[in-house]
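Enquirer: Please read through the structure below; I'll follow up with questions.
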Amino acid sequence: MKITFYGHACFGIEVNGKHLLMDPFISPNELAKDININEIPADYILISHGHEDHVADVKTIAERTKAKLVSNYEIITWFASQGIENGHPMNHGGEWEFDFGTIKYVNAVHSSVLPDGTYGGNPGGFIIRTEEGNIYYAGDTALTYDMKLIGESENIDWALLPIGSNFTMGAQDAVIAAGFIGCDKVIGMHYDTFGFIEIDKEDVKNKFSNAGKELTLMNIGATIDL
Ligand code: NI
Ligand code: MN
């Protein structure tokens with residue numbers, strides 16, 4: 001399994017020969033200006049919620065790649081109305097077996113509205129179970145006790161957690177979340193993109209290492225083997 005960071009909360013995950021793309025927000029992101037969205041591979045685009053900083057490039061990439069969208073019912077329905085009809089609608093607590101593995105759509109404590117003001121359903125996160133390992137992609141969320149359920153019922157190898165605070169949980173809460181999830185290997189997301197979410201990287205890394213956990217902050221464009 002390989003993971004590539006495209007900035008903000010956008011990652012590409014290559015697993016079982018398929019490319020998953022999470023929450024594409026690249027072309028409006030000044031920090032990701034060196035990424036060419038026309039070269040990003042995608043067989044599936046997973047969308048955690050409807051906010052602009054998670055859906056901005058969905059349409060462009062989906063039109064080129066013909067990727068299948070996976071999100072909540074409301075977001076899939078909205079994209080269908082925009083002409084992107086290859087979608088798989090889910091809702092909280094449900095799971096589905098795809099050709100790369102299984103996805104479970106889980107709770108996030110946040111909000112969700114689409115860029116034109118359409119109701120975006122309830123925001124979520126994704127548990128991605130595969131033969132090559134299991135990932136929890138939290139989406140935008142506060143720390144929530146629901147994460148304990150994930151720790152009790154899943155074997156998460158890598159957790160992708162927001163750490164930027166203000167709009168989501170910050171690093172201190174993300175350390176607690178990692179404990180709830182039962183996962184010591186965290187990749188940070190949703191930081192530095194806007195003024196409200198700039199972080200002190202050393203301070204944040206120390207918070208994790210002091211708790212015996214490993215935080216990886218990827219460079220935009222970098223790929224690592226998980
Ligand atoms: Ni959001
Ligand atoms: Mn966001």
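Enquirer: Cβ contacts < 6 Å: first residue under 13 Å from residue 168 (Cα atoms), restricted to the range 189-207; second residue open to solvent by 40 Å² or more (accessible area, probe 1.4 Å) and assigned to a helix (DSSP H, G or I), any location; separation 6+ or different chain. Result?
Expert: none
Enquirer: Please verify whether residue 192 is touching an Asp or Glu at 6+ places or on another chain (Cβ under 6 Å), among the acidic types (Asp, Glu) and either in a loop (DSSP other than H, G, I, E, B) or farther than 20 Å from residue 89 by Cα (or both), treating the condition exactly as stated.
Expert: Yes: the conditions hold for residue 192.
Enquirer: Which of the strands (runs of 3 or more DSSP E) found entirely inside the range 20-106 contain at least 1 residues meeting this: within 16 Å of ligand 2 (Cβ to nearest atom) and closer than 24 Å to residue 136 by Cα?
Expert: 44-46, 68-72
Enquirer: Name the single residue, out of those in the range 180-199 being open to solvent by 20 Å² or more (accessible area, probe 1.4 Å) and away from ligand 2 (no atom under 16 Å from the Cβ), that is nearest to residue 221 (Cα to Cα).
Expert: Step by step, filter the range 180-199, then rank; the result is 185.
Enquirer: Can you tell me how many residues in the range 194-215 are acidic (Asp, Glu) and closer than 11 Å to residue 184 by Cβ?
Expert: Of the residues in the range 194-215, 1 are acidic (Asp, Glu) and closer than 11 Å to residue 184 by Cβ.
Enquirer: May I pose another question? For residue 144, all conditions in the list (1) in a loop (DSSP other than H, G, I, E, B); (2) away from ligand 2 (no atom under 15 Å from the Cβ); (3) open to solvent by less than 50 Å² (accessible area, probe 1.4 Å); (4) farther than 21 Å from residue 50 by Cβ hold save one; what is the number of the exception?
Expert: Just one mismatch for residue 144, condition (4).
Enquirer: When you check residue 19 against the structure, is it on the phi < 0 side of the Ramachandran plot and under 11 Å from the mean Cα position of the chain (by Cα), yes or no?
Expert: Taking the combined requirement at face value, the residue does not satisfy it.
Enquirer: Now a separate question. Answer yes or no as to whether residue 31 is more than 16 Å from ligand 1 (Cβ to nearest atom) and touching a helix residue (DSSP H, G or I) at 6+ places or on another chain (Cβ under 7 Å).
Expert: no
The values are calculated or read from the model by the stated rules, or taken from the named source; none is laboratory data. No experiment lies behind these values; they were computed from the predicted model shown. Here Cβ is always computed from backbone atoms with ideal geometry, including for glycine, and neighbour counts include all displayed protein chains. For accessibility, only protein heavy atoms count, side chains too; no ligands or nucleic acids. Shrake-Rupley method; radii C 1.70, N 1.55, O 1.52, S 1.80 Å.
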